[in-house]
1. Looking only at the range 133-157, count every residue that is surrounded by 18 or more Cβ atoms within 10 Å (Cβ to Cβ) and among the hydroxyl-bearing types (Ser, Thr, Tyr) and tell me the total.
2. Go through (1) assigned to a helix (DSSP H, G or I); (2) at pLDDT below 95; (3) touching a strand residue (DSSP E or B) at 6+ places or on another chain (Cβ under 9 Å) one by one and return the number of the condition Val426 breaks.
3. For the range 153-195, please list each of the strands (runs of 3 or more DSSP E) lying entirely inside it that holds at least 2 residues being in contact (Cβ under 8 Å) with a residue 40 or more places away in the chain and more than 23 Å from Trp238 (Cβ to Cβ).
4. Looking at (1) in contact (Cβ under 8 Å) with a residue 60 or more places away in the chain; (2) of a type in the set (S, T, N, Q); (3) buried (at least 18 other Cβ atoms within 10 Å of the Cβ), can you tell me which one Asn199 breaks?
5. Let me confirm something: among Arg441, Arg413, Arg386, which residue is within 30 Å of Asn101 (Cα to Cα) and either among the aromatic types (Phe, Trp, Tyr) or not in a loop (DSSP other than H, G, I, E, B) (or both)?
6. Could you check the range 444-482 and list, in sequence order, the residues that are of a type in the set (Ser, Thr, Tyr), crowded, with 21+ Cβ neighbours inside 10 Å and not in a helix (DSSP H, G or I)?
7. Just one of (1) part of a strand (DSSP E or B); (2) touching a residue at least 12 places away in the same chain (Cβ under 8 Å) trips up Arg222, so point out which.
8. Of the residues Gly250, Gly297, Gly303, which is modelled with pLDDT of 95 or more, surrounded by 23 or more Cβ atoms within 10 Å (Cβ to Cβ), under 30 Å from Ser180 (Cβ atoms) and under 28 Å from the mean Cα position of the chain (by Cα)?
Amino acid sequence: MSGFFGIAAKTNCVLDLFFGTDYHSHLGTRRAGMAVYSAEKGYDRAIHNIENTPFRTKFEREAITMEGNIGIGCISDYEPQPLIIRSHHGTYAIMTVGRINNAAAVTDIIFADGRSHFLEMSGGGINPSEMVAAIINQKDGIVEGISYAQTIIEGSMTIVVMTEEGIYAARDRYGRTPVSIGRRHDSYCISFESFAYLNLGFVAERELGPGEIVFITAEEARTMSPPGQDMQICAFLWIYYGYSSSSYEGIGVEETRYRCGCLLAEHDGVAYNNAAYVKAANYNLPFDNVIGVPDSGVAHAIGYSNASGIPFSRALIKYTPTWPRSFLSAVANERYLIAKMKLIPVRDLIRNKKLLIIDDSIVRGTQLKETTEFLKSMGAKEIHARAACPPLLYSCKFHNFSRSDSVMDLISRQVIHEMGNDEAGVYTDPDSECHREMVDRIRLRMGFDSLSYQRLDDMVAAIGLGKEKLCTYCWTGCEKQR
């Protein structure tokens, strides 16, 4: 995944760009960049590696030295961006969020004239933003070029293009990633996360619809191409990816996670309308405490606690938000070390306790297994686990959720393979015997005393948008829910 921010202002916008981009640090861990334009100095750009240093530290110098009234910034997992392109459209800067699944076919289309070329990145790949720029350059106008890119790209691609006049922002064809517009008296901005501009004095204008293209200047945000009707926004934004204070399609992330936790409690049969009454009646609760895996699991756990009356406790505390997201690391040993080091136990809240631990999801299972072993070594009596979404059975086709080499990196698929039936589709029904056996095998492998996952319908209900508007591919293997 990647995050982005862009602003068109009447005065120097670099400091706003710096802070707005920094607010997307939770969406990427490896590359970051800013590009600005001013009539006096033209284009200026900086790109840094942020694997071991936060964005704000790497770009403090640029926040002071760069100058421009139009700017875009991006935090990315892998490819360096924004790129500055010179073509028959003039000079422009471009950044993208998404994935091109038919890159080879697109490359053939671009090479058809026999005179195009690409710069190869390490490993032989082509920078997706450069490829999108090449597609745009096939057409006479930028809007026409962006629309063409959305037509021929298989996967998902949100596109931001900065020119000397303003910024074009195009949400991906099916709205799998969000684009929000903010308005201030002297400027307009576009942002992946809707909260990123609030502290900068902007108010929310609106969100782009699927495939919509807008052009923003300091004076206005103008629709250049209307939105489509079909939406498939990524449901995982609410469950894990999105920052707690953000919202998508008018639905808050934190509130959704509370609802997920409440529904997990209902499924366990411990949810009551009056949690205070449950405590007063000395109801025999199955767990002593509910704990959430920081940060995204905490709201789910609070929802479970509020619905059940089982006390919430911070038995695990994240030492610092500067630790990278360990699932993004390509090196297994590094993932294991990060997972272990970033969570600090509170022994007094663990010893001799029956704990229910709630995580947003179980991907490889490495982190949660190590956390479970750690909690037991700290004296926990029992460890029960709940996942706030169904078992992940398919690798994402639309975002770079995980750069896994194989779907077999998913713990669910490893267990399915052990069971002798690699047809993942038969395991999606939570009431089936196949599903129950898969979950129990995962439980045994992870060392839990009990394990259950959120049901898909409950997760969709917690979001509240409607299944037909959500992408749930990584759980169902279906590209569209109808």
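The values are calculated or read from the model by the stated rules, or taken from the named source; none is laboratory data. Keep in mind it's a predicted model, so treat the numbers as computed, not measured. When we count neighbours, we look across all protein chains shown, and the Cβ atoms used for this are built from the backbone with ideal geometry, even at glycine.
1. Total satisfying the criteria: 2.
2. Val426 satisfies every listed condition except (3).
3. Details: elements: 155-162, 167-170, 180-184, 187-191.
In the range 153-195, the matching strands (runs of 3 or more DSSP E) lie at 155-162, 167-170, 187-191.
4. Looking at each condition in turn, Asn199 falls short on (3).
5. Details: Arg441 fails: within 30 Å of Asn101 (Cα to Cα); Arg386 fails: within 30 Å of Asn101 (Cα to Cα).
Answer to the selection: Arg413.
6. To start, the set of residues in the range 444-482 that are of a type in the set (Ser, Thr, Tyr) comprises 450, 452-453, 472-473, 476.
Keeping just the survivors that are crowded, with 21+ Cβ neighbours inside 10 Å gives 453, 472-473.
Tyr453, Thr472, listed by residue number.
7. In the conditions (1) part of a strand (DSSP E or B); (2) touching a residue at least 12 places away in the same chain (Cβ under 8 Å), Arg222 misses (2) alone.
8. Values: Gly250 fails: surrounded by 23 or more Cβ atoms within 10 Å (Cβ to Cβ); Gly297 fails: modelled with pLDDT of 95 or more.
Just one listed residue meets the conditions, Gly303.
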